[in-house]
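In what follows, a single structure is set out as structure tokens and then discussed.
The values are calculated or read from the model by the stated rules, or taken from the named source; none is laboratory data. As the structure is a computational prediction, the values presented were derived from the model and not from experiment. Please note: Cβ atoms are built from the backbone with ideal geometry, for glycine as well, and neighbour counts cover all protein chains shown.
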Amino acid sequence: MQDLRNITDWKNSIGLLPIKLFSESTSDSNFILLNGGKGDFCLQTAGDTHDDNYYYSSSWSSNTKNYVSVCDDHVKLYNWRNKKVEKINKKIILDNYSKFYDYIVKTSLNSQYDIIPFVISIFRKLRNLENDKSGGIRSLNLLFLLLASYNDDVAFNEIDKSTWGIQDIDFINPEFERYVQEFSKGLLGQRPDIDLIIRHSSGLLFQEAQKEALFFDKNLDLFTGTLSSNYKTRKLLYSSVHYTPAYIARTIVENALNAIDLASINNLKILDPSCGSAEFLMEILKQLKSRNYNGNVTVIGWDTSISAINTAKFLLTYEKREWSNRLSLDIRLVDDSLSEDWDNDYDFILMNPPFVSWDQMPKEARDTVKETLGAAFNGKPNQASAFFFKAVECLKPSGVIGCVIPTSLFSLSSYKEVRSRVSDSMSFSLIGKLGNFVFEDALADISILVGQKPKSNILPLLVWTRNEKGVVSDTLRDLRKLQYENLPSIDHRDYSIYTPDFFPLYGDNWKPIPLRENRLFKNIERFVIERSLTRIGDIFSTQQGVRTGNNSVFKISSGEYLALNDNEKLCFRPVIDNNSIKNGILVKDNYVWYPYSGSGLIIENENELISKASWFYHERLLPNKQLLEARPSLSKNKKWWELSEPRSWQFERKSMLCSTEFGRSDSFAFDIKNEFVIERGYGWLPKKKMSDNDKFFYLALFSSPLFDSLLSIYSKQLSGIDGWDLGKQYTRNIPIPNVFLNDLTESVAYRSMVNFGRAMSDGNFYSPNLINEIVTQYLYPYSL
């Protein structure tokens, strides 16, 4: 029978992670139940023991809206924002936890009066006071001093900075006391609680400290008399340093701890080589305390940012006072964590490593990545792959890794050797693809992974999310419910959570796919083995389109093309780019300069150029001559008016299947009249002689909804785009029927598909669902 005084029943019913609200010296009846900021709430299971203001201030300081207090026959719900206390009969909640939690969520919307905006406002005012343009380092230390002064209830100049992990501050503006007083007053009747702020609200301060102040408002605040909190900041949209959301760190740490029997280990050694503001390190310490771990813990954290290290030292030093000398800290500023000497006996390595592309790395960093990866080095690896590879090597024989990594590491061929070597040494308990909407102001496609040494037969729990904003936090809440209630799987429209029958799903690819598509994958791959299906790479050679080197010069609009004389028109061809295919039909929106024939370039000198393309020469080419000559992509043996990469396979005109560079099943067409040049797209060239009917067959197949499912399984979804990469690397393994088999070409299904494809090309038909009936009934009947 469920009991509202039992924290386990709350945990199992709504899928939130309960951790102790305060330090371990307080009662075990106070918790905060965490999801991802959305619907978090405080809970006291021992009944009302304080006045209303205590519950209001506690929930405010812990960055929640609600505090639930369980009494004998009812529950009290305190909401600080509404200054409202509701009494709810216990039976109502016991009958429907989910409905009660939905109500909590509806009353938990963020507001400008929350603790985070309040603290950030103080921080901004300190930055304006100090005119601090260097990443907020000095004003961040002043904020730490302010918090310490308020907590210890002593003057700020009497604080023992060493016990708080605060850097020495040479001079403190006399106006600083005003900000201490402003902070101590709180907001709307709520008084700040430093313990709760540091434990549950501190992470966002690091994110704010990384912003560069570009403008400082020296006006006084009308109500407080202190400086304004307004200043302009530059968001680092494409930075490789991404703040780890608390709900991501929480899930990784929870699953990492589940992999180890803590009762059998007296000493834990934990490393975060890119610790930032200690999000992972603080999280694992909080969860260890909630699990009543009584052993000793050594925490090592490195980072290249001084403000991050200062923040980590402050937070961890505060945390240390609750561990009775059982916690040792080694938090250091480093130039490059990969160049540091790593031990080989870590129990846990937890990290969100820098996502720096090869092209963005300085030479020294590239050399370090190459040395770290050793024989696994290939292509142009992301720096995160080297962190991941080194972390696995440096775990103890039973060690656990929990990390955020680029999704590309799961599937790109350049990481094949990394995946192979890691798979040989460890097994995974959790692998999740979370998409592009996790990091604030960043386009990175991220995944999470938890694994443990040594290699075993364990199969990972796979998490797949649709690449849409707001999906991930709900997914991770359901992940927790699945684990708490021991459910076999969850298959939601926006996410799937399940254990596959085998892993990797195909080849050496680690990428999670939806559960329904996993079933499709298993069925279809069986028929590849039986040779009823073949792979796209066995039928087609997928070729990349031209690269002009300067589209603004070499591409013209259809209006400009129509104004050309007939002779000059011969030097241009309609172009296929990402906007040129609409539901199987080719659209002539733009034209590209293409003075090539089957034997190559048809214009050998400038006199010929002027003669054959006078308008283009004078209006586009000549004004940009120096720019075109300086193109780094133009090889030395090419003329300055040539395309950088004209792709010789397009010199000879031939009918071909084509596609955009990225897209869906509506992104394929058949250029039967040999008119177009492919630029931002791909040509699908048969490896054997293929009739036009065969090409119409494949056009219809590629235009079916089932093909979207296949793309979802085998290809890569692109950031902010409802579609997939259609290039060879991602499509070559997709199973398709083989038109070179007689029993297919003589079938009714083949003839129907040919007719569909021909009608699509003529613009007379587009009915994907009707095509799908033939596809699923006759060509992939095992997909249903």
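Computed quantities for the displayed model
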{"read-out": "Long-range neighbours under 6 Å by Cβ, at least six apart or interchain, first residue within 19 Å of S162 (Cβ to Cβ) within the range 318-340, second modelled with pLDDT under 95 and assigned to a loop (DSSP other than H, G, I, E, B)", "value": "E322/S23; E322/E24"}
{"read-out": "Only one of W302, W323 that is touching a Cys at 6+ places or on another chain (Cβ under 8 Å), of a type in the set (F, W, Y) and surrounded by 15 or more Cβ atoms within 10 Å (Cβ to Cβ)", "value": "W302"}
{"read-out": "Filtered residue count, the range 432-446, keeping only those that are in contact with a Phe, Trp or Tyr (Cβ under 6 Å, 6 or more places away or on another chain) and either modelled with pLDDT of 85 or more or not assigned by TED's automatic domain parsing to the domain that holds F348 (or both)", "value": "1"}
{"read-out": "Within the range 62-99, tally of residues that are at pLDDT 95 or above and in a helix (DSSP H, G or I)", "value": "0"}
{"read-out": "Odd one out for Y730 among (1) touching a Lys or Arg at 6+ places or on another chain (Cβ under 7 Å); (2) more than 30 Å from L412 (Cβ to Cβ); (3) among the aromatic types (F, W, Y)", "value": "(2)"}
{"read-out": "Any hit, the range 159-172, residues being charged (D, E, K, R), modelled with pLDDT of 90 or more and in a loop (DSSP other than H, G, I, E, B)", "value": "no"}
{"read-out": "Residue within the range 543-554 that is exposed (fewer than 14 other Cβ atoms within 10 Å of the Cβ) and touching a residue at least 24 places away in the same chain (Cβ under 8 Å) present", "value": "no"}
{"read-out": "In the range 327-345, the residues that are surrounded by fewer than 16 Cβ atoms within 10 Å (Cβ to Cβ), in contact with a Lys or Arg (Cβ under 9 Å, 6 or more places away or on another chain) and in a loop (DSSP other than H, G, I, E, B)", "value": "E340, D343, N344, D345"}
{"read-out": "Failed condition for D170, given (1) surrounded by fewer than 17 Cβ atoms within 10 Å (Cβ to Cβ); (2) among the acidic types (D, E); (3) in contact with a helix residue (DSSP H, G or I) (Cβ under 7 Å, 6 or more places away or on another chain)", "value": "(3)"}
{"read-out": "Selection from the range 676-694 of residues that are crowded, with 23+ Cβ neighbours inside 10 Å and either in contact with a Phe, Trp or Tyr (Cβ under 6 Å, 6 or more places away or on another chain) or aliphatic (A, V, I, L, M) (or both)", "value": "V677, I678, W684"}
{"read-out": "Residue that is surrounded by 19 or more Cβ atoms within 10 Å (Cβ to Cβ), in contact (Cβ under 8 Å) with a residue 24 or more places away in the chain and closer than 16 Å to I197 by Cβ, where the choices are G165, G186", "value": "G165"}
{"read-out": "Output for the range 167-198, where each listed residue is aliphatic (A, V, I, L, M) and more than 20 Å from N131 (Cα to Cα)", "value": "L187, L188, I194, L196, I197, I198"}
{"read-out": "Matching option when the condition is within 28 Å of N605 (Cα to Cα), touching a Leu at 6+ places or on another chain (Cβ under 7 Å) and not in a helix (DSSP H, G or I), among E642, E652", "value": "E642"}
{"read-out": "Any hit, the range 22-40, residues being crowded, with 21+ Cβ neighbours inside 10 Å, among the hydroxyl-bearing types (S, T, Y) and outside any helix (DSSP H, G or I)", "value": "no"}
{"read-out": "Sole exception among (1) over 29 Å from A759 (Cα atoms); (2) of a type outside the set (D, E); (3) touching a helix residue (DSSP H, G or I) at 6+ places or on another chain (Cβ under 6 Å) for R526, by number", "value": "(3)"}
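For every residue, the table says whether it meets (1) over 31 Å from the mean Cα position of the chain (by Cα); (2) closer than 20 Å to Y243 by Cβ; (3) hydrophobic (A, V, I, L, M, F, W, C).
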residue: I300; (1), (2), (3): no, no, yes
residue: T304; (1), (2), (3): no, yes, no
residue: K320; (1), (2), (3): yes, no, no
residue: R326; (1), (2), (3): yes, no, no
residue: V334; (1), (2), (3): no, yes, yes
